[in-house]
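The values are calculated or read from the model by the stated rules, or taken from the named source; none is laboratory data. Computed from a predicted model, the values in this text were never measured in an experiment. Counting neighbours? That spans all protein chains shown, and the Cβs are built from the backbone with ideal geometry, glycine included. Note: accessible area is taken over every heavy atom of the protein model, side chains too, but ligands, DNA and RNA are not part of it. Shrake-Rupley method; radii C 1.70, N 1.55, O 1.52, S 1.80 Å.
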Amino acid sequence: MARPAVLVARAVFPETVQRLARHFEVEANPADRIYDRAELIEHLRGKAGALTTASERIDAELLDAHPQLRVVANMAVGYNNIDLAACSARGVLVTNTPDVLTETTADFGFALMLAAARRLSESERFLRSGAWNRWAYDLFSGTDVHDATLGILGMGRIGQAIARRGALGFGMKVIYHNRSRLDPALEAPLGARWVDKAALLRESDHLVLVLPYAPASHHAIGAAELATMKPTATLTNVARGGIVDDAALAAALRARRIAAAALDVFEGEPQVHPALLGLANVVLTPHIASASVATRRAMAELAADNLIAALGGGRPPTPLNPEVLARSARASGA
Ligand code: GLV
């Protein structure tokens, strides 16, 4: 029987591609060309599976062009690039890569928060420019992180991992806002307290965004929200672009309505709002929160595990729409 064909839409570790090639006819993309819409549709011709990343948009139109596509394995925990309902309606299984990136992403979120609070990149740029010529009592003085109030918007796995770092490592008081409250057994060791969004904005010294992007979270932080934050506060986003209104944030940073921000994700990335690029009090990184070598390997391998299991008729480890599996098991009489 012919082996299923799969597309690995972006460059990934050669070992992962080699592993997939033991199971499938693989079309890889070692040159890491980013396919535009027409190219992606073209490259998916005849493919039963695809290993995708946040840069590939999978929607109804694309699915309708490819009724043979059965599995989309996204190498990311976020999946706002994929129309999950459209996939489910067409029996296409979608998987993501949760858990393996939680601690690494939390490390980076915490690092960004520290960098914003203590003006790390701003002061390094100053030194490298040759402008440093003396000690001064107020040279790049920032805000403390230890013992401060850490606010988390989106208290999922990554939010909780950031809260652990803050509470247990830095003595921070943790408040959070989430659609649902955590189990008290999870709150207790962190001393974490659920608050409404208005209180979170008002009380946080350092606010970290870790919620998934969805139409409901579009511009969850805009001018109105920024206006209610402390003027000494920092804002860190390791979630998705579009959760923050970048133009409004740039205006707030310029006017010092908040002290500083740190962003790993942007509206319309890899484009970055030009007003942010011109500001000293924002740390900007290119969507690398999960980018430790070990974690990126684990993400690629988990995406491959999902493809291999799903196309081999097994149960993939991390399905997003497992009802599709149940349906196909029923259809095959399994
Ligand atoms: C990265 O942004 C991810 O969603 O894994």
**Q.** Unmet criterion (only one of (1) among the small types (Gly, Ala, Ser); (2) surrounded by fewer than 21 Cβ atoms within 10 Å (Cβ to Cβ); (3) within 13 Å of the ligand (Cβ to nearest atom)) for Gly109
**A.** (2)
Q: Answer yes or no: is there a residue in the range 81-96 that is among the hydrophobic types (A, V, I, L, M, F, W, C), within 16 Å of the ligand (Cβ to nearest atom) and in a loop (DSSP other than H, G, I, E, B).
A: no
Q: Would you confirm whether any residue within the range 47-59 is surrounded by 13 or more Cβ atoms within 10 Å (Cβ to Cβ) and without any contact (Cβ under 8 Å) to a residue 24 or more places away in the chain?
A: no
Q.
Pull out all pairs, ordered by first then second residue, where Cβ-Cβ is under 6 Å, the residues are six or more apart or on different chains, the first lies in the range 231-251 and is of a type in the set (Asp, Glu), and the second is open to solvent by 10 Å² or more (accessible area, probe 1.4 Å) and part of a loop (DSSP other than H, G, I, E, B).
A. Asp245/His219; Asp246/Glu267; Asp246/His273
Q) Regarding Pro316, is this residue part of a loop (DSSP other than H, G, I, E, B) and open to solvent by less than 30 Å² (accessible area, probe 1.4 Å)? A) yes
(Q) Suppose the filter is part of a helix (DSSP H, G or I), surrounded by 18 or more Cβ atoms within 10 Å (Cβ to Cβ) and away from the ligand (no atom under 16 Å from the Cβ); does Leu69 pass it? (A) no
Q.
I'd like the full set of residues that are open to solvent by 40 Å² or more (accessible area, probe 1.4 Å) and either part of a strand (DSSP E or B) or not assigned by TED's automatic domain parsing to the domain that holds Asp305 (or both), limited to the range 5-33.
A. Glu25, Val26, Glu27
Q: For the range 215-230, enumerate the residues that are small (Gly, Ala, Ser), open to solvent by 40 Å² or more (accessible area, probe 1.4 Å) and in contact (Cβ under 8 Å) with a residue 12 or more places away in the chain.
A: Ala223, Ala227
Q.
Looking only at residues that are within 12 Å of the ligand (Cβ to nearest atom) and not in a loop (DSSP other than H, G, I, E, B) in the range 286-306, which one is most open to solvent (accessible area, probe 1.4 Å)?
A. Arg296
Q) Within the range 252-276, can you find the residues that are free of Cβ contacts under 8 Å to residues at least 12 places away in the same chain and within 20 Å of the chain's Cα centre (by Cα)? A) Gln271
Q. Within the range 159-178, can you find the residues that are open to solvent by 30 Å² or more (accessible area, probe 1.4 Å) and in a helix (DSSP H, G or I)?
A. Gln160, Arg164, Arg165, Leu168, Gly169, Phe170
Q) Does Leu279 qualify as being more than 18 Å from the chain's Cα centre (by Cα) and part of a loop (DSSP other than H, G, I, E, B)? A) yes
Q) Only one of Leu209, Leu235, Leu200 is buried (at least 22 other Cβ atoms within 10 Å of the Cβ), more than 21 Å from Asn281 (Cβ to Cβ) and out of contact with any Asp or Glu (no Cβ under 6 Å at 6 or more places or on another chain); which? A) Leu200
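I'd like to know if the range 37-48 contains one or more residues that are within 23 Å of the chain's Cα centre (by Cα), of a type outside the set (Val, Ile, Thr) and away from the ligand (no atom under 16 Å from the Cβ). Walk me through how you get there before you give the answer.
To start, the set of residues in the range 37-48 that are within 23 Å of the chain's Cα centre (by Cα) comprises 37, 40.
Narrowing further to those that are of a type outside the set (Val, Ile, Thr): 37, 40.
Subsequent filtering for residues that are away from the ligand (no atom under 16 Å from the Cβ) retains 37, 40.
Scanning the range 37-48, I find at least one residue that is within 23 Å of the chain's Cα centre (by Cα), of a type outside the set (Val, Ile, Thr) and away from the ligand (no atom under 16 Å from the Cβ), so the answer is yes.
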Q. If we scan the range 121-134, do we find a residue that is over 30 Å from Ser55 (Cβ atoms) and in contact with a strand residue (DSSP E or B) (Cβ under 7 Å, 6 or more places away or on another chain)?
A. no
Q. Pairs under 6 Å by beta carbon, first residue free of Cβ contacts under 8 Å to residues at least 60 places away in the same chain in the range 84-110, partner within 11 Å of the ligand (Cβ to nearest atom) and part of a helix (DSSP H, G or I), six or more apart or different chains?
A. Thr102/Ile158; Ala106/Ile158
